[in-house]
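What follows is a single structure, written as structure tokens, with notes after it.
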Amino acid sequence: SDDILNQTNPNSITPASFWQNADDANRGAFGMYTPFTNIWYYTRFEIFTSDYRDDVINGFNTSERTAVGYFSGTADSNATFWVWQAMFQGVARANEVIFNVPNIDMDATLRDNIVGEGHFVRAFNYFNLLNNWRNIPIITLPTSEYDLNEVMQAPPEDVWAQIELDLQTARDLLPNSWSAEFTGRATAGAAAGLLGKTYLYQGKWAEAKAVFSEIMAGTYGSYQLMDDYAANFTEEFENNAESLFEIQLVNDGNGGWGGDGPGRGKGSAYQADLAPRGFTNQNGMRVNQWAYDLFTDEVTVNGELDPRIYTTLFANSDETTEYQGKTLAFKTFTDKTFLEAYPDTDLDKPIPIYANKWMDWEFTGRVESRDGGWHGGGNNLRLLRYSDILLMFAEAEFMLNGSTPAALDAINQVRARVDMPAFTSITMQDIEDERVKELTFERTRYYDLLRWGKVVERIVNNPDLKSESAGTGAYKPGREYIAIPQNDIDRNFPRWTQNEGY
Amino acid sequence: QAQSVSGTVYDNSGSPLPGVNVIVKGTSSGTQTDFDGNYTINNVDSGAVLEFSYIGFKTTEATFSGSSVINVTMEEDTQALDEVVVIGYGTQKKSDVTGAVASIDSKAIEKFTFTDASQALQGQLAGVSVQSAGGAPGAGTDIVIRGIGTFSNNGPLFVIDGVITNNMSSVSPQDIANVSVLKDASALAIYGSRAANGVVIVTTKKGTRGKLSIDFNTSYGVASVIRELDWANNRQYADIVNRANDNDGNARFPANDTQFDPNFGSNLYAESVQTAGVHDSNLRLSGGGENTLFSLSLSHYDQEGVIKFSDFERYTVRANAGFTKGRFDLQSTIGLTRTVNNPNPYFNRERNLLPTINLRNSAGQFSASDLEDRGIDAALGAFYGPGTIVNELGLAALEDRTITRNTILGNIAASYEIFNGLTYKLSLGLESYANNNFRFSPAEQVIFDGSNRAFSELSETNENFLSTLVEHTLNYNRTFGKHTVDVLGGFTEQINDVRRLGVNAINFPSNDIRVASAGEVQNTPAFQGTDAIQSYFGRVNYTFDDRYVLTGTLRRDGSSLFKEELRWGTFPSAAVAWNISNEPFLQDFDALTNIKFRVGYGEIGSNNVGRYATDPVLNLFSEYILGDNQTRVQGYSITNSVNPNLTWETTKTTNYGLEFNTLNNRLGITMEYFVKDTEDILVSTPLSFITGTGNPVPANRGSITNSGFEFLANYRDQITDDLSVSATFNFSTVKNEVTSIGDGSPIRSGSFTSNTIFSTRTDVGQPIGSFYGYIVDGIYQSDAEATAANDQPGNPRAGDLRFKDIAGPDGSGPDGIIDENDETYIGNPAPDFEYGLNLSAEYKNWDVSLFFNGVAGNEILNGTKYRGYFDFNGNYFADALNAWTPSNTNTNIPRNTQSDPGFNRRMSTFYLEDGSYFRLRNAQVGYSIPDTILDKIKLAKLRLYVSAINLFTITDYEGYYPEVGRNGRGGRGVFTRGVDEGSYPTPRTLQLGVQVSF
């Protein structure tokens, strides 16, 4: 009989039978976040397309994965398509949620919240895609609803508009907070913060200011700076009062990490790419001298170094700073000073500067970046903090009205938290510098330079900033953005065009 | 006057021959010899001629001239033995075969020892390329018949005593009577949609009628690695890294510099290899009566690895029986196999232990750090330098890995001759296995430090597989005068069912407790799958006057792997053969005999698709962490795109064959030329990533052409009564070219490092998996020269590799910039030709056989060079000391650097080497104890032999061994051929053996 030839997959359910009830809506929503923990996204690879491209990180070594960091990425190299792919995973899953959940018969508030999450996740990924690849398609329906052959790249301004629209919707639908069992899901504050950032990136200063003002006024819940700057970078104070959105991570095991599969590890491994030499098995990086110099060009109200430098960097200096009842000093894993870690340092030669942020060795006791397993970083990755909101507000206000008391107040809140003297007037340079001190290694620096139009001036024209790899000789105009993955150019040929410079 | 005649029939060796047909010529009276070779015929007229016939022996006649006793000795007919060829669903007289079929029999197999029976085919058959996946005990093989005609990983189909399966690893080589490889569409079309990659038909040994024999073979061998690589010792390593650090402007690491201590160091590779034992035994009882045949065979194979902590053991029991009564015939073959494989997956792995660290600590335990012993308080990496610092030998020793499989593979075939020439046959086949894959990694510091694992962990998977095959065939075979017809029709159904349950658990209370329930169960991956195929097939073979042969074949397959509307496919073939020597005009032409010309055309398929490949399902494990307590939540998502419109790949083959004998039938020549066009090849490329699914989705859109020439020469001569010699030479060449990849991008694959550097590219106009990269053009001698080269991927300095500027954008000539336009095809992993030569001679009681084989014209990517010269996470080659320095400029090794700003490590000709080799695969000398002695000790046969496997190999390849298989990092796919990341070395084995027959 022919019956035996009709075999259906008995191992899972089909998409057609899904989206029936509130449980399904929640499961669909959780699935939208999974790509963030993909190895190709925030648990590791994204760092090569963000911070590794900025002017702070001087990555050791040439390699396929770091090539975009020295403008040598190609359309078929790893960083190009892996990260793109993970981001579009998020978009596609959000589209499923936005498309299907409204039709589910369930509690209306939860339904709205989940649809709002969909809009947030979609906008969040589009924000990243736009700022990395610029010429991307807008997809707002499930893949099954598309004729893929008809998808075009959209003008960047249309993508901006889509991101704005999504974030406005998300802001209106999302709750200010979730119950304790759901901490970590997107909130109205996260959506509003990213909306303000979206305006800011486009130079829409007034709109940006308005949204940031609402956040500062507590419209989306109460956000405030943590007393201790370092609390933003340890497992001890995850999802704290300063955090608008962070990637939830735990160190849980042996298995492969990221991705979609039973028991996949949900910890991060990018620490191995930031850790000081000798505390990682990866190529690693060092910090360019200018960043250290910038941190040290002013002192706290007590005449000491900016406390943030100890959290952010690891350098050969015996400077200390009294802060929050502690004596801060340059230390790395196992509480070692630079010369304890590198006893053979030749003091007559330039001494490298390394990173310290995110390593969290003080709280977890990790002795090196992979201690506890390859993806042993259980430290949540904070991607939008209230201090950034304050700095972005200051920037928007400054661009609108100059060095006003409102702008000064915002930036001075950030400075006061780390005992830095208040500004009495500011320039754009002050704002830029403050962002480096506050936000280095938080996946914003490169995009700041990009939106300020300073990639060429700051990076390309200073090949020494990439001296540990291949310099900046491979730069061609347009390579501020990453190449569109060859796979997608080919799949969408001839409607898609490659980015300029490739 | 008529009287009765009796006598005994003997074979050459004087043993009585039972079952011999004895007839009085021209009459219907006759009989068969009994168990002791005796016969009696009544009423024989004087002058009558008795004809004695028996398969495998020359028909003998004797004239009755009054003596009532006629004893006959029958001679074996060696030519006749060869004349039956095993084909799909039957056998054929060699002269009636119209397709390309190659075969070997037990003689070429049973002499030697093989890990996997399929290795016995290596170098023996023209057009059949067999590569071991390295030399590990239990290693599998990659078999490619007439070039790769697919992008999937499918090898040929195997038919073992009628059971259709995917490999022959459950068969003991000692049990094989014959292996027949079907190569062209005319021979293959009877297997339809599963035949495109060729079919290997394995027939196991049956009993011999009347001869009750007990044969015992045993051999013991010692294996050792042929070649070791020259890795740096602690001093050399320190010098290399110090120089690299100096070149890079980085501080030296204490362990290599101020705190270098010659007392701390290891030679991991020397410690990892061992001389290993190989033991192979087979006991076989066989025989048969007038109506029965049986063979019971017990085999045990036990192989230690030449790399420590790897071994393989196989037990097989094979019981074959046959029963014939009148028109009824029953044949059963049953094989029981148990294999226990303990692989060592850690040997030669990227990022091994630095040679400045002892393998064992002062307490004698495996260790990955001497910091404690040395009383040093430092971070491992800061003291020793970057490195994963895995003690791979320790890992291999401490971890517990066993893959156990129990297999039953058997077939029962009953046939009944309904009337003369028409036979119905019912064949019931079964393959069933239970597989247990067990791995336990204990809580050991050496494991924690060095790898991804942080806890003790157990992962165990049980899999149960059942395949049932039911075949009904009707066969009509009849000769009418000069016309012979052989018609076959059949229906078959095969159902495969697999069910799998696994468990992963961590954090065990003790390293001695190794069951999942004792740990924290993390997940229990499980799978259920069923697939089925139904087929109708038919074949007509018509022969006229032994001169003209016509074969037509048709198979219609329906497969559950495809959607309903694409499910059924029809695979036709037709072929003709012309036995020219049987033409009257060549009757007197003796220089060449048995001349036959064949030509055939047909279409065959390949159903290269996994179960449920056309069904979209949700992934139920899109997990995330939420909540104040950071709890894992389970989400659902679509992670895979599917193409519902999949169907089989189709191969259209045209084959021309010419065969003849010469030198008085001592030399037989077979030549084949073929063109194989494969269409609708599944090309897996991701959809546009904007779909949110990154999985490669197959679609039937590629095409590949293989064309080739095969040559087989067979020489056999009885020079004197005491001396016989034989030689077999085969040679084959295949040209492989991808003719379409649909609208897909060129396929990049073949990475040889965890840092992902693709080495192969598959595109239209090139062979599959061609090496693709930059051409090394020396070394920059000055910084100025390096800067001027304008190298985009790198920023080279003096001492870095110079890569050739060959093209600019749009294919224009050199443009003064080195960039991706300068990447090109730099090598082919497929040989230009392959060949094998078997020589054997017997002189009195001595026998010698030598088997050579080789390949020529292929490139191998020596991935170990990446580790030996570039990767800083493990040891270097000692030769890295010979790197370029301002005072050592006459070298081809680029300067020592760990930051590698010139990107020397990119894919280039630096890694490629000539993969040609010629080797003495097997050599054996045997001595059989003379009969005069055997008679006294009551043995039928006693033979002693020594043999050597891989006694010598002539090659320029600098890796462990030029037989590298396919690289595991790419899943052993066709795109990773010739990529050698340091595959398990193929050993040289010396053996002593004894064969006894009672």
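The values are calculated or read from the model by the stated rules, or taken from the named source; none is laboratory data. The model shown is predicted, which means the values in this text are computed figures rather than measured ones. For neighbour counting, all protein chains shown are included, and Cβ atoms are generated from backbone atoms with ideal geometry for every residue, glycine included. These accessible areas exclude ligands, DNA and RNA; they are computed on the full protein's heavy atoms, side chains included. Shrake-Rupley method; radii C 1.70, N 1.55, O 1.52, S 1.80 Å.
Quick look at the values:
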item	result
Cβ-Cβ FRET estimate between B:L336 and B:V470, R0 fixed at 22 Å, reported to 0.05	0.55
Rg(Cα)/(2.2 N^0.38 Å) for the stretch A:271-364, N = residue count	1.05
Principal axes of the stretch B:660-799: Cα extent on each, largest first, Å	75, 48, 26
For the protein assembly as shown, Kirkwood radius (reciprocal of mean inverse C-alpha pair distance, Å)	36.0 Å
Alpha carbon centroid spacing (whole Å) that separates the stretch B:121-168 from the stretch B:719-795	22 Å
Probe 1.4 Å - accessible area at B:K482, Å² to nearest ten	110 Å²
With Cα atoms, 0 to 90° folded angle of helix B:234-248 axis to chain B main axis	50 degrees
Hull shadow area, averaged, the stretch A:317-428 [alpha-carbon convex hull, nm²]	9.9 nm²
Order of exposure, largest accessible area first, which applies to B:K308, B:K58 with probe 1.4 Å	B:K58, B:K308
Separation of alpha-carbon centers, the stretch B:570-625 and the stretch B:668-715, rounded to whole Å	13 Å
For peptides B:792-802, B:720-730, B:592-602, A:269-279, sequence by mean Cβ density within 10 Å, most packed first	A:269-279, B:792-802, B:592-602, B:720-730
Cβ-derived FRET efficiency at R0 60 Å, A:F363 paired with B:S432, nearest 0.05	0.65
Zone residues, the stretch B:765-803, relative to B:T889, backbone N less than 12 Å from point 7 Å out along Cα-to-Cβ	B:779-785, B:798-799
Sequence of B:F455, B:F216 when ordered by accessible area, the most exposed leading, probe 1.4 angstrom	B:F216, B:F455
Pairwise centroid distance, computed over Cα atoms, of the stretch B:929-976 with the stretch B:1-47, Å	45 Å
Residues of type lysines that A:K209 reaches as a straight line, Cα spacing below 16 Å, ignoring anything fewer than 8 places off in the same chain	A:K197
Cut-off 11 Å between beta-carbons: net charge of the residues surrounding A:I57, Lys and Arg +1, Asp and Glu -1	-1
MRE, 222 nm, helices only [DSSP H, n ≥ 4, -39500 (n - 2.57), over chain B, to nearest 500]	-1500 deg cm²/dmol
B:A727-B:E76 pseudo-label distance in nm [points 7 Å out on the Cα-to-Cβ vector]	2.3 nm
Surface accessible to a 1.4 Å probe, B:K425 within the full protein complex, Å²	90 Å²
Per-residue average of Cβ from other chains inside 10 Å of A:7-19	6
Three-way shape call for the stretch B:170-252 based on the alpha-carbon gyration tensor, with the a/c threshold at 1.5	oblate
Charge-dipole axis of the stretch B:3-76 as Lys and Arg at +1 and Asp and Glu at -1 on Cβ define it, positive-most pick from B:S15, B:L50, B:V72	B:L50
Peptide-level mean, for B:868-876, of C-beta atoms on other protein chains within 10 Å	1
Heavy atoms of B:W648 accessible to a 1.4 Å probe, total area in Å² rounded to 10	30 Å²
Amide N proximity, the stretch A:426-447 versus A:E457 label position 7 Å along Cα-to-Cβ, cut-off under 17 Å	A:427-436, A:445-447
Per-residue HN-Hα couplings for the stretch B:462-467 [Karplus 6.51, -1.76, 1.60; θ = phi - 60°; Hz; x = Gly/Pro]	10, 9, 10, 10, 9, 10
Cβ-defined net charge surrounding B:S6, 13 Å radius [Lys, Arg +1; Asp, Glu -1]	-2
Karplus (6.51, -1.76, 1.60) ³J(HN,Hα), θ = phi - 60°, over the stretch B:492-502, in Hz, Gly and Pro reported as x	9, 9, 10, 10, 10, 9, 10, 9, 9, 9, x
Within-13-Å neighbourhood charge of B:S295 [Cβ basis; K, R +1; D, E -1]	+3
Sequence ranges B:806-816, A:112-122, B:142-152, B:25-35, ranked by mean other-Cβ count within 10 angstrom, highest first	A:112-122, B:142-152, B:25-35, B:806-816
For the stretch B:3-76: span of alpha carbons on each principal axis (Å, largest first)	30, 19, 17
Unit charges on C-beta of K, R, D, E only; dipole of chain A, Debye	660 debye
Within the accessible area of chain B (1.4 Å probe), percent carbon and sulfur	52 percent
Extension gain (nm, one decimal) between B:T292 and B:N263, 0.36 nm per residue minus Cα-Cα	3.3 nm
HN-Hα J in Hz across the stretch B:779-789 - Karplus 6.51, -1.76, 1.60, θ = phi - 60°, x for Gly and Pro	10, 5, 9, 9, 4, 4, 4, 5, 5, 5, 5
Lys/Arg +1, Asp/Glu -1 at C-beta; chain A dipole; positive extreme among A:L194, A:F124, A:Q413	A:F124
Residues with amide H under 5 Å from that of B:I818, placed H, sequence gap 5 or more	B:D791, B:Q792
Solvent-accessible area buried by B and A, counting both chains, probe 1.4 angstrom, square angstrom	8200 Å²
All-pairs alpha carbon distance profile, chain A, 20 Å steps from 0, percent	22, 58, 18, 1, 0
Out-of-range pairs (alpha-carbon distance over 27 Å; input B:K25/B:K941; B:K58/B:K482; B:K206/B:K936; A:K357/A:K454)	B:K25/B:K941; B:K206/B:K936
Exposure rank, largest accessible area first [A:E64, B:E679; 1.4 Å]	B:E679, A:E64
Highest to lowest packing among A:194-201, A:154-161, B:222-229, scored as the average C-beta count within 10 Å	A:194-201, B:222-229, A:154-161
Accessible area per residue in Å² at 1.4 Å probe, computed on the protein assembly as shown	36 Å²
The stretch B:288-335 - charge dipole about Cα centre, Lys and Arg +1 at Cβ, Asp and Glu -1, debye rounded to 20	240 debye
Averaged over A:144-153, number of beta-carbon atoms from partner chains that fall within 10 Å	2
Rg(Cα) / (2.2 N^0.38 Å) computed for chain B, rounded to two decimals	1.05
